[in-house]
Amino acid sequence: MLPADCAGCGTERTQLCPACRQTLADARPGPTLLPWAHAAAPYTDPVRQLLLAHKERGALRLAGPLGEALGRAVRSALGNRAGAAPLLLVPMPSTRAAVRARGHDPTLRLAGAAARSLRRAGLDARAAPLLRHARPVADQTGLNAAERRRNLHGALTVLPRARRGLSGRQPVLVDDLVTTGASLAEAARALADAGLPARAAATVAATAVQPGG
Ligand SMILES: [Zn+2]
């Protein structure tokens, strides 16, 4: 086994160095451009590098610390509703092609790690992959917000049998990264249409955070 370098900063012989671990732990969660979605940290290095290593390079042990940050974003998004009902973390779905190419589903893995960290904090939380793609979506690059919404409308659907045994839980959408929030909005629409309204979303990172947030 070759010793891996820190995925956040390249420090040798450790997958996550103490400084990067501390940066992640010290990040203060707050609202994103989508006010009901909170992110644990801005999408800047080393958090950006850690997310990329986990997602694209299979650095699976980073799921623990990244999932803890996601768990803090979940609590921030819910505020005093966090303990009101058992939580159901619903990961944004990856396409089958992406899962094949990466060899794993990074968002599902982060959702599971976040649920574990919330349980360690005494909350009833579980993760369930309820969403899937209903149709292919055109590349979002270069589209404005309204065009993104149109491009995404109806793109996601709730798996018909996946929600058994999940009634009474409050759904929270989770993802690794939020940019415009258009994908989270479409996921919220799909859940609401299936009778599972999600009033909060949480991500590890956000490309833009609200001023003061
Ligand atoms: Zn580092």
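The values are calculated or read from the model by the stated rules, or taken from the named source; none is laboratory data. From a predicted model like this one, the values you see are computed outputs, not experimental measurements. In this analysis, Cβ positions are derived from the backbone assuming ideal geometry, glycine residues included, and neighbour counts consider all displayed protein chains. The accessibility values were calculated without ligands, DNA or RNA, using every heavy atom of the protein model including side chains. Shrake-Rupley method; radii C 1.70, N 1.55, O 1.52, S 1.80 Å.
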- Message: Is it the case, given these coordinates, that ARG149 is closer than 24 Å to LEU33 by Cβ and either modelled with pLDDT under 95 or not in a helix (DSSP H, G or I) (or both)?
- Response: yes
- Item | Within the stretch 117-146, tally of residues that are part of a helix (DSSP H, G or I) and surrounded by 18 or more Cβ atoms within 10 Å (Cβ to Cβ) | 2
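For the structure I just gave you, tell me whether ASP105 is of a type outside the set (Gly, Ala, Ser) and within 16 Å of the ligand (Cβ to nearest atom). Outline the logic, then answer.
Numbers: of a type outside the set (Gly, Ala, Ser): yes; within 16 Å of the ligand (Cβ to nearest atom): no.
So ASP105 does not fit the description; no.
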- Query: Would you say ARG81 is open to solvent by 20 Å² or more (accessible area, probe 1.4 Å), of a type in the set (Lys, Arg), in contact (Cβ under 8 Å) with a residue 60 or more places away in the chain and over 25 Å from LEU16 (Cβ atoms)?
  - Reply: yes
- Item | Count of the stretch 85-116 residues which are surrounded by 18 or more Cβ atoms within 10 Å (Cβ to Cβ) and either free of Cβ contacts under 8 Å to residues at least 12 places away in the same chain or in contact with a Gly (Cβ under 6 Å, 6 or more places away or on another chain) (or both) | 3
- Starting from residues that are among the hydrophobic types (A, V, I, L, M, F, W, C) and within 14 Å of the ligand (Cβ to nearest atom), keep the ones in the stretch 42-61 and report whichever is surrounded by the fewest Cβ atoms within 10 Å (Cβ to Cβ). LEU52
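Residue by residue, here is whether (1) over 17 Å from ALA114 (Cβ atoms); (2) more than 16 Å from the chain's Cα centre (by Cα) holds:
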| site | (1), (2) |
| --- | --- |
| CYS9 | yes, yes |
| THR14 | yes, yes |
| CYS17 | yes, yes |
| ALA25 | no, yes |
| LEU52 | yes, no |
| LEU62 | no, no |
| GLY67 | no, no |
| GLY71 | no, no |
| SER76 | no, no |
- Item | Condition check for ALA111: modelled with pLDDT of 95 or more, assigned to a helix (DSSP H, G or I), closer than 20 Å to ALA190 by Cα and aliphatic (A, V, I, L, M) | yes
- Which of the residues spanning the stretch 1-31 are more than 10 Å from the ligand (Cβ to nearest atom), within 30 Å of THR180 (Cβ to Cβ) and either of a type in the set (S, T, N, Q) or in a loop (DSSP other than H, G, I, E, B) (or both)? ALA27, ARG28, PRO29
- Message: For the structure I just gave you, tell me whether GLY64 is in a helix (DSSP H, G or I), surrounded by fewer than 23 Cβ atoms within 10 Å (Cβ to Cβ) and in contact (Cβ under 8 Å) with a residue 24 or more places away in the chain.
- Response: yes
